[in-house]
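Presented below is the structure to which this report refers.
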Amino acid sequence: MTDLSAIVSEIAAEMAAAPDRGTPASYIPPLASVDPARFGIAVIEADGTAHVAGDGDMPFSIQSISKVFSLTLALGAVGDQLWTRVGREPSGSAFNSIVQLETEHGIPRNPFINAGAIVTSDILLGRNAPREAIGEMLRFVRALAGDEAIFIDETVARAEQDTGYRNMALANYMRAFGNLHHPAEHVLGVYFHHCALAMSCRQLALAGRYLMAGGINPETGRSIVSAQRARRINALMLTCGHYDGSGEFAFRVGLPGKSGVGGGILAVAPGIASIAVWSPGLNERGNSQLGTLALERLVARTGWSIFEPRG
Ligand code: GLU
């Protein structure tokens, strides 16, 4: 057993015993019934070595982590033009906030808040029907992870469709400003379905490898994005990946990371590892309570923070 395997197992054991686990999201009904005792972790090193512990092979709803993959695809479709419709600044507001949209003329602060990801879904629609855009996203994530078993949980997608009043408000509001080009129902169909992707920590960490490896899938050698684009996506994950808790996450963990209300976090140690953690209980900012703690401990024990001197 390498040291890293020992560290990963140790963290999984500590998290299994942690008393303060946060509260699972309840505004999407199927998420409320996920067992808060779950904890999973997967670390994929640059050479492909995988360390998986706890519930690291159990699929969960990746929710907003999917915004990293939809942004990657949307940038591939329209390039840097995307930035005329979405900003690149932290919002300092909750993930589903509508307030800034009024003064900022329907241009969301960044692609990782809901409004921003709704615009990237609009871009993914392009000239496609919603079904095709959803299929493209699923194929992309499967190819990144090298795993055809990844699926979209229709129950979760439908629950979001039935209860997503705020997202409908955001989409319609942006459409009023001309920053949504397709009907709100179509765009939200794409958005809710990619949020409903179900993946395990192992699958998620595999899918995130291109961000650790300068845009290249290290397994296939295929370039997914340019090195510059990978760097920029990582920069956005660091500054905007945890909503109004992004500063706190950078302070505690020091890695680019993207969280989702399903309790998952994808984190990237550039050149070193792609990491996914999952525990359904959230902190007051809507980010996984134990997922954050686990990453904080992993980084403390490995020295992987991007702010740590190298070599
Ligand atoms: N699908 C969720 C929503 O739109 C995503 C939120 C999240 O994971 O932060 O509310």
- request: Pairs of Cα atoms under 8 Å, at least six residues apart: use those to get the relative contact order of the chain, whole percent.
  value: 26 percent
- line: Whole-Å distance linking the alpha carbon centroid of segment 101-118 with that of segment 169-209 is 13 Å
query: Using Cα pairs under 8 angstrom and six or more residues apart, how large is the relative contact order of segment 1-78, in percent?
result: 27 percent
- request: With an 8 Å cut-off on Cα pairs and a minimum separation of 6 or more residues, tell me the relative contact order of segment 177-257 in percent.
  value: 16 percent
field: Where labels lie 7 Å past Cα in the beta-carbon direction, separation of Arg297 and Asn128 in nm
entry: 4.0 nm
statement: Diffusion coefficient in µm²/s returned for segment 159-311 by Stokes-Einstein, Kirkwood Rh over C-alpha pairs, 4 °C and 1.567 mPa s, is 77 µm²/s
query: Relative to the compact globular guide of 2.2 N^0.38 Å, what is the alpha carbon radius of gyration of segment 51-133, as a ratio?
result: 1.25
message: So if I average 1/r over every pair of distinct C-alpha atoms in segment 37-186 and take the inverse, what Kirkwood radius in Å does that give?
response: 16.8 Å
query: Per residue and in Å³, how big is the convex hull formed by the alpha-carbon atoms of the chain?
result: 116 Å³
Quarter of the Cα convex hull surface for segment 126-204, i.e. its orientation-mean projected area (nm²): 5.6 nm²
- prompt: According to the square roots a ≥ b ≥ c of the eigenvalues of the Cα gyration tensor, what is the shape class of segment 6-110, taking rounded for a/c under 1.5, prolate for a/b larger than b/c otherwise, and oblate for the remainder?
  reply: oblate
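Any read-out appearing in this document is the output of simple, stated calculations on the displayed coordinates, not a laboratory observation. Predicted model only: the values in this text are computed from it and were never measured. Counting neighbours? That spans all protein chains shown, and the Cβs are built from the backbone with ideal geometry, glycine included.
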